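Down below is the structure, laid out as structure tokens.
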Amino acid sequence: MAEVTVDGDVLRGEPPTFDTDAAAQIAERHFGLRGSASGVGSERDQGFVIRGADGPVGVLKISNASEDASVVDMETAAALHVLEVDPLLPVAAPLRVLGAGAAGGRTAFVTTVDGPGGLAHLVRACAYMPGTASIDPPEIGAEAAYDYGVVVARLARAMRSFFHPSAGRVLMWDVHHAAAMRPLLDAIDAGDHRVLLTQVLDRFEASVLPRWPSLRSQVIHGDVTVDNALVDEGGRITGIVDFGDMSHTALVCDLSSAIESLLVHRPFEDVVPIAMRVVDGYRSVTPLEPAELDVLPDLVSVRAVTDAVLFGWRAALHPDNAYLQDWAAVLPLLGYLEEEGNARFRQRLLPGGRTADGDALLERRAHAFGPALSPLTYDRPLHLVRGEGVWLIDANGERFLDCYNNVPVVGHAHPRVTDAIARQSRMLNTNMRYLTDAPVDLAERLVATMPEGSGLDTVLFVNSGSEANDTAWRLATSWTGGRGAIVTRFAYHGVTEAIAAISPEEWLTTGKPEHVETFDPVDSYRYPERDMPGELAAAAARLRERGIEPAATFVDGGFTSDGIPVPPPDAVRALADRTHAAGAVYIADEVQVGHGRSGEHLWSFAAQGVAADVVTLGKPMGNGHPVAALITRRELTERLAETTEWFSTFGGNPVACAAALAVLDVIEDERLVARAARVGPALRAALADVQVSHDAIGDVRGIGMLTGVELVRDPATKEPDPDLTGAVANGMRTRGVLVGTTGRAGNVLKVRPPLAFGDEHIVLVAEALDATLKGLGR
């Protein structure tokens, strides 16, 4: 293709004019290739296939007389490097010059001959590769396009450790320098298309070029295109014979060049699907970064402009060169890309990545999901686009300190977790009817975290805390034969029909089901003397009075939905004792408070010394990726197996397990349990200091990184103030701090940030609470 600057000799120079007889003589004399020569198309050089009696024996390339010897050296070095790194790539091997010897270095592959007119030309040869370069792009189907992407990615991967001083050249086919083509626009007969070409260049300079320094860069081939790669009858690449357009530039330019060449002459309805198949093939080898995906459509367009302008300009200079004359064929494609194709392409590249208008999105959301879905949090809903550690970022770029979400336990978008998910997704995702390592590794890891002597030795994987609790309920009813459930007064354990029935927080109009009884947790602020274990025993008795045998007690160790009352550990331990005395199973629901939030152990039940029969995990287990589990004694699962075969299609899939394993690793490596033990109390101390100035704060309490701030109308009567609580949550949101509300009366601020929350964030929460209460006159 073309190099150096617009007025460079190589771009302007005439191609060599050796005839086939001269080419055959050169091939035999210098490379030992005996046979007849037949020309192949080239933009600025000459190429010949040498055919012997038994078929092709090699390819001869005679360079433009203006070609730089160091560039030819780079091309040879690159081909040799690629073949050493990835020998299975279909790259034509350079052939040594006769008599050069094995120790001649790269100069052993290049010689010089005098051509017509007395000019000296660099000459080299390579092995013959099967295939054709004359295929029309539409003949390359979807699967061949995928393979095209694979080859381009493999070639770039093989070249990522390659460098040569000449790679720093300014190459006009490198779209990085597309702006330099503007002077050539007047030299081509573009007609009405000149406005289109200019429009693409303008947008490239305004929106892509400023981002160029942030794109991954290396030496790339730059021209694995339909005109420059050999393919078989199915359109799959069989030979890469020309490294003439190499340069050090953005890695993604390799991909955009290949895509653009495959789209020319193609029906418009096939453009985006074929482009995506090339992308899919490429990223099956090398994942693309978000910035690369974002600029890729523009790079395809500007590559089309480069084709049109450089070929059109050179066609005018060399009207007898047939290779250059079809330069306008790319213009219909470019028009389609600009009109609608690139918008569709970008949508496919970044599904869900677009940011819609907030008000319009609200309307679309309401229409799509209907009234049953839980309403959006806050009076002014957050339109979020990104998360980072303890921060959430909205569509306007405003950052919010996340003190509400317990799901991203190790921080939003933790790189180790996201990488684990992406890496495993690229390798395999299947179900537990096949033998894979990750589920076994995770199960063993979870069992190892259970208290010694607990007997909790068997794991079942599901996809959510609701499913985990639903499965725990099935185990309990199968084991005990009972059907009664005992839960705390305002508990929440999930959304399945069975579990919503035992979640009082969900009883809006249905009331308490017959098979459920509740008890109140000890509340050190309101009822410190409450006999919580005695209440549980009374609940079991009430079930029996109705002829219902208790099957299970469900307890969230943080009592989160009950307002985070923090009962003493001995009272919680006694709950399990009373449950067992009633003949029921104790289910420790760690979905909300597990994975280190308690600050004493990975699991709150273990920190409280509770003898649990089943432990359920969910929400934070995958840091946002759906994965959940229950751990129990083997005998409970054996009883269930007598009546049914248990299986979850997605439960325990390798991707989910990779996420969960990464979460456990981060918790351990970043000492997050210890952080929760240290930072949580410090946060409560800071909030207690705020309490001194505000009678509306009745109590500040919590465990580890789970804090409740109870708001009241009057500190003497302790009357709950849910209206103020909602106003405070909304006021703190306007000040950049996100908290939730909880408790039966809805008057407790729920502060449960990711465990990445640190000392430096404490003051932000305290100041936001103080300022909000002052702003509300409380």
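A compact table of results
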quantity: Structure-derived volume of the Cα convex hull per residue in Å³: which label, when the choices are (1) 187; (2) 197; (3) 210; calculated: (2)
quantity: FRET efficiency, Asp86 to Ala53 (Cβ-Cβ, R0 41 Å, nearest 0.05); calculated: 0.80
quantity: Loop-located trypsin sites (Lys or Arg not before Pro) in region 356-445, at most 13 other Cβ atoms within 10 Å (DSSP); calculated: Arg433
quantity: Cα-projected label distance for Thr107 with Glu635, points at 7 Å along beta-carbon direction, nm; calculated: 8.5
quantity: Residue-count net charge about Ile631 - beta-carbon cut-off 13 Å; Lys, Arg +1, Asp, Glu -1; calculated: -2
quantity: Separation between Cα centres of region 129-174 and region 420-472, rounded to whole Å; calculated: 42
quantity: Leu98-Ala180 FRET efficiency (beta carbon distance; Förster radius 60 Å; 0.05 resolution); calculated: 0.90
quantity: Å³ per residue enclosed by the Cα convex hull of region 307-435; calculated: 263
quantity: Computed lengthening from Glu363 to Glu497, 0.36 nm per intervening residue step minus Cα-Cα distance; calculated: 45.3 nm
quantity: Signed unit charges on C-beta, dipole axis of region 520-670, positive-most listed residue Val614, Ala641, Ala541; calculated: Ala541
quantity: Coil-residue trypsin sites (Lys or Arg not before Pro) of region 555-634, DSSP, other Cβ within 10 Å capped at 13; calculated: none
quantity: Length-normalised contact order for region 540-603 - Cα pairs under 8 Å, 6+ apart - percent; calculated: 38
quantity: Anisotropy class of region 147-229 from Cα gyration tensor, a/c 1.5 cut; calculated: prolate
quantity: Residues of region 56-186: accessible area per residue with a 1.4 Å probe, Å²; calculated: 41
quantity: Fraction of accessible area attributable to carbon and sulfur, the chain (%, probe 1.4 Å); calculated: 51
quantity: Kyte-Doolittle at least 0.5, axis length at least 15 Å by Cα - qualifying DSSP helices, the chain; calculated: 69-85, 142-159, 252-263, 290-317, 654-669, 672-691
quantity: Rg over Rh [alpha-carbon atoms, Kirkwood Rh] for region 398-555; calculated: 1.04
quantity: Net length gained if the chain between Ala422 and Thr355 were fully extended (0.36 nm per residue, minus Cα distance); calculated: 21.8 nm
quantity: Residue among Leu230, Ala771, Gln691 farthest towards the positive dipole end of the chain, charges placed on Cβ; calculated: Gln691
quantity: The chain: calculated mean residue ellipticity at 222 nm from DSSP helix runs of at least 4, using -39500 (n - 2.57); calculated: -12000 deg cm²/dmol
quantity: Leu776-Arg542 pseudo-label distance in nm [points 7 Å out on the Cα-to-Cβ vector]; calculated: 3.2
quantity: Residues of region 329-351 with amide N under 18 Å of a point placed 7 Å along Cα→Cβ from Ala291; calculated: 350
quantity: Solvent exposure ordering (accessible area, 1.4 Å, most first) of Arg713, Arg303; calculated: Arg713, Arg303
quantity: Where GluC sites (Glu not before Pro) in DSSP loops with at most 13 other Cβ within 10 Å are excluded, longest remaining stretch of the chain; calculated: 1-232
quantity: Inter-label distance, nm, simple model (7 Å from Cα along the C-beta direction), Ala372/Arg483; calculated: 2.4
quantity: Accessible solvent surface per residue of region 503-563, calculated while the other protein chains remain in place, 1.4 angstrom probe, Å²; calculated: 42
quantity: Surface accessible to a 1.4 Å probe, per residue, for the residues of region 230-308, Å²; calculated: 25
quantity: Within the chain, percent of DSSP bridges classed antiparallel, to nearest 5; calculated: 75
quantity: Size of region 627-763 as Cα extents on the principal axes (Å, biggest first); calculated: 59, 36, 27
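The values are calculated or read from the model by the stated rules, or taken from the named source; none is laboratory data. Just so you know, these numbers come straight off a predicted model, no measurement behind them. With ideal geometry, Cβ positions are generated from the backbone for all residues, glycine too; neighbour counts draw on all protein chains shown. For the accessible areas, the whole protein counts, side chains as well, though only heavy atoms, and no ligand, DNA or RNA atoms are used. Shrake-Rupley method; radii C 1.70, N 1.55, O 1.52, S 1.80 Å.
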